[in-house]
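Asker: Mind looking over this structure? Questions follow.
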Amino acid sequence: MTSVRDVSGWERVAPGVFRCRLPVWDCTAGLVAGTGGALLVDAGSSLREGARVRAEAQALAGRRVTHLALTHPHFDHVLGAAVFAGAEVFAAAGPAAAWSAEALRVDAVRHGLDEREAAGAADALVRPGHEVSGDVAVDLGGREVVLVDAGPGHTARDLAVLVPGDPPVVFCGDLVEESGAPQAGPDAVPSRWPDALDRLLALGGPDARYVPGHGAVVDAAFVRAQREALAARFGVSRRP
């Protein structure tokens, strides 16, 4: 599968749909551009990284970021969110404790983020103004995206973003990882994770491009294989 590299490390996944792989933790940021708005998928690990993503995304889209979809509440995906002033912020519905600023700060420092950067981002933490249960369509002007509560799995609050088109694109968050085995921390829900990947496959279909939270863009066959590997790893049988 090929993507066209466009600007400053961003790749075009489909017309008007871009992604980049951020340094250090290889975290994905995605962008969907319409004629009336732009939606960013995940915000980076710090205010500094978020500001870089904002500038590059706005240059690509030709307009400011109007919507921000946070795929799950881990520091490398959300601590840059405060720099997107005025954007509508979406996340999957779930336990409020997942958005603990202190827990995110501690986790960020544990993974190597500078203590001052982690503290500043945690103090400015933006919590979602829109919690998605089921699915929500967002009109960006000439393009609609669908935000889907796809979990639980990697966490109790996993959001996926479907961009209909030819091909469809699905931003998977860390429900799918390509650059290493999926990470199951203490907030994972392993027994439900394979079902979440079934939902992603039903959402995108066999011809979609699936954008993982970490790593290269993959196809449906990769997601199916990762689903089976997770089921074996966690001892989860298919439901009849």
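Asker: Report the relative contact order of the chain, percent, no decimals, based on alpha-carbon pairs under 8 angstrom and at least 6 residues apart.
Answerer: Details: 541 pairs, mean separation 38.0, N = 240.
RCO, the chain: 16 percent.
Asker: Further, regarding this structure: Just the accessible area per residue of the range 104-225, please: how many Å² with a 1.4 Å probe? Don't jump to the answer; show the numbers that get you there.
Answerer: Numbers: 5010 Å² over 122 residues.
That works out to 41 Å² for each residue.
Asker: Could you give me the ³J(HN,Hα) list for the range 69-75, computed from phi with Karplus coefficients 6.51, -1.76, 1.60 and θ = phi - 60°, whole Hz, x at Gly and Pro?
Answerer: 9, 9, 6, 5, x, 10, 4
Asker: Per the helix-only calculation at 222 nm, which mean residue ellipticity applies to the chain, given -39500 (n - 2.57) for every DSSP H run of n ≥ 4 and division by its residues, nearest 500 deg cm²/dmol?
Answerer: Values: 6 runs with 65 residues, N = 240.
Theoretical 222 nm ellipticity from helices: -8000 deg cm²/dmol.
Asker: A further question on this structure: Net charge near Phe222: determine it from the other residues with C-beta under 14 Å of the C-beta of Phe222, scoring Lys and Arg +1 and Asp and Glu -1.
Answerer: Net charge around Phe222: -2.
Asker: Which whole DSSP H helices in the chain pass both tests: a Cα extent of 30 Å or more along the axis and a mean Kyte-Doolittle value no lower than 0.5? Show your work: numbers first, answer last.
Answerer: Details: long enough: none.
For the chain, where a helix must reach 30 Å along its axis and average at least 0.5, there are no hits.
Asker: Distance between Cα centroids, the range 204-240 to the range 23-83: provide it in whole Å.
Answerer: 24 Å
Asker: Follow-up question, since we're still on this one. Pick from Gln58, Gln226, Gln183 the residue whose mean-square fluctuation is largest in a GNM of the chain, springs joining Cα atoms under 10 Å.
Answerer: Among Gln58, Gln226, Gln183, the largest GNM mean-square fluctuation belongs to Gln183.
Asker: What figure, in Å² to the nearest 10, do you get for the accessible area of Glu177 with a 1.4 Å probe and non-protein molecules left out?
Answerer: 10 Å²
Asker: Counting only DSSP beta bridges with both residues in the range 42-181, what percent are antiparallel, rounded to the nearest 5?
Answerer: On the way: 12 of 18 bridges.
Around 65 percent antiparallel, to the nearest 5.
Asker: Compute the distance in nm between two label points, each set 7 Å from the Cα along the Cα-to-Cβ direction, one at Arg12 and one at Ala232.
Answerer: Going by the 7 Å Cα→Cβ label model, 3.9 nm.
The values are calculated or read from the model by the stated rules, or taken from the named source; none is laboratory data. Computed from a prediction, not measured in an experiment: that's the story for all the values here. No Cβ is skipped: glycine too gets one built from the backbone with ideal geometry, and neighbour counts run over all protein chains shown. For the accessible areas, the whole protein counts, side chains as well, though only heavy atoms, and no ligand, DNA or RNA atoms are used. Shrake-Rupley method; radii C 1.70, N 1.55, O 1.52, S 1.80 Å.
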